[in-house]
1. Using a/c under 1.5 as the rounded threshold, could you call the stretch 280-386 rounded, prolate or oblate? The axes a ≥ b ≥ c are square roots of the C-alpha gyration tensor eigenvalues, and prolate needs a/b larger than b/c, oblate otherwise.
2. Tell me, 64, 39 in order of fewest to most beta-carbon neighbours within 10 Å?
3. Report the extension gain between residue 259 and residue 231 in nm, rounded to one decimal, defined as 0.36 nm multiplied by the number of residues separating them, less their alpha carbon distance.
4. Taking a label point 7 Å from the Cα of residue 307 along the Cα→Cβ vector, which residues of the stretch 322-346 have an amide N closer than 20 Å to it?
5. Working from Cα positions, state the angle (0 to 90°, nearest 10) between the long axis of helix 5-59 and the longest principal axis of the chain.
6. Sorted by average packing, counted as other Cβ atoms within 10 angstrom per residue and highest first, what order do 160-171, 363-374, 429-440, 291-302 take?
7. Rounded if a/c is under 1.5, else prolate if a/b is larger than b/c, else oblate: which is the stretch 296-358, with a ≥ b ≥ c the root eigenvalues of its Cα gyration tensor?
8. Taking the alpha-carbon centroid of each part, what is the distance from the stretch 401-429 to the stretch 40-58 in angstrom?
């Protein structure tokens, strides 16, 4: 019997190994269609994202912010220095020396856009294409972020696909502002850390610092992404932080601050005047900050997604409700709340909501890109996990997801069809060119520079020279959003 034992084991091991191999092959064959389905979902989401963002980039009427930032970028492209070409020194806020220095905004996006427009034509469509590309980077970072936390490729693909359809993401990715770049760099910081924290902790910490610092020097909202990165590092690894990577991470911030200080020291008086004026209406005292945190959900979120709209446009609120339902679903479901992704998303939701309220107390919707996609990711995670629950819960999550997706994509399809670039912007430009005498100047928003050129022919002075002393123009172009920003009354404001 003892002599037969090895033979018995050998005989038993053969079928077992064969069975395992057969089962593995069957499992792999069964997973192949599923894996293909997730790849198809990712490809479809990316295709819809590109169609909507590029389509809206082509048909959206330019607005003042896009022109103001392109004005500085064009000056850098042409001269190698930051400064405005068309913005009058006192035509918006009290910004002396604005033609020679740009101290009112952090520089990284302006430099990037200047290089971008050096390689491509200086049109609004090409300026927006830069944001479309950063939007793709943002989505890739979301995929890496979720996969780094969960190791689940299917969940990562699903969350990324849902985030790609988010209204705030589609809007920021078709806007020639720095917000898409700033948010993408911040998300890359999160993604790089969670993806490499166990295998290459020094590199993970260094990359988190690199991308976080780059985000910060795009826009002050980069402070929100920086706090998010630090919070996630502490949450995940507070007892095992890779201290050898911290000096590397900090060095990127120190270098950035040193360069900014070096630039500010070129003219400290102008720096103080411009930066003080830019911050004067943004930074609130403690009471104002608390008010913003408490009422931002009403004054910014529901105002933009519901109250300021009429008719079918109010269906846009489904995009917001889906994210809020996801937050509630994770918070109230112990199993979801116990997962690391659930905990991280809830933490990010709190940080980004509070951060946006503190950095911007003007309730501008352009900053939704820093907070709303986190809510949408909460909704996607909640819907994905609830799909395995009884039918009624599955239906609730699925219905909200479908409604949010249709509301976002449908809204942008209608915007593209409206083509306000042709109907409003080009029509206005034709009237301007037809009535502008030779050598005459136009007072109007900087966005007119995309059609008239960023040069002396165009002056961005909404106060008609009241503060700058500029002579009256041949034409003045009115716009519903072209209103006074300074607190004191002006002759121009009173005359209206």
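None of the figures in this text is laboratory data; all of them are computed from the coordinates on show. None of these values were measured; they are calculated from a predicted model. With ideal geometry, Cβ positions are generated from the backbone for all residues, glycine too; neighbour counts draw on all protein chains shown.
1. Values: a/c = 2.65, a/b = 1.36, b/c = 1.94.
Here the stretch 280-386 falls in the oblate category.
2. Numbers: 64 18, 39 12.
In order of increasing Cβ crowding within 10 Å: 39, 64.
3. Values: separation 28, 0.36 × 28 = 10.08 nm, distance 2.62 nm.
Fully extending the segment from residue 259 to residue 231 adds 7.5 nm.
4. 322-325
5. That helix lies at roughly 20 degrees to the long axis.
6. Details: 160-171: 25.6, 363-374: 23.1, 429-440: 11.2, 291-302: 16.6.
The most tightly packed comes first, giving 160-171, 363-374, 291-302, 429-440.
7. Values: a/c = 3.90, a/b = 1.73, b/c = 2.26.
Oblate.
8. With the stretch 401-429 and the stretch 40-58 each reduced to a Cα centre, they are spaced 14 Å.
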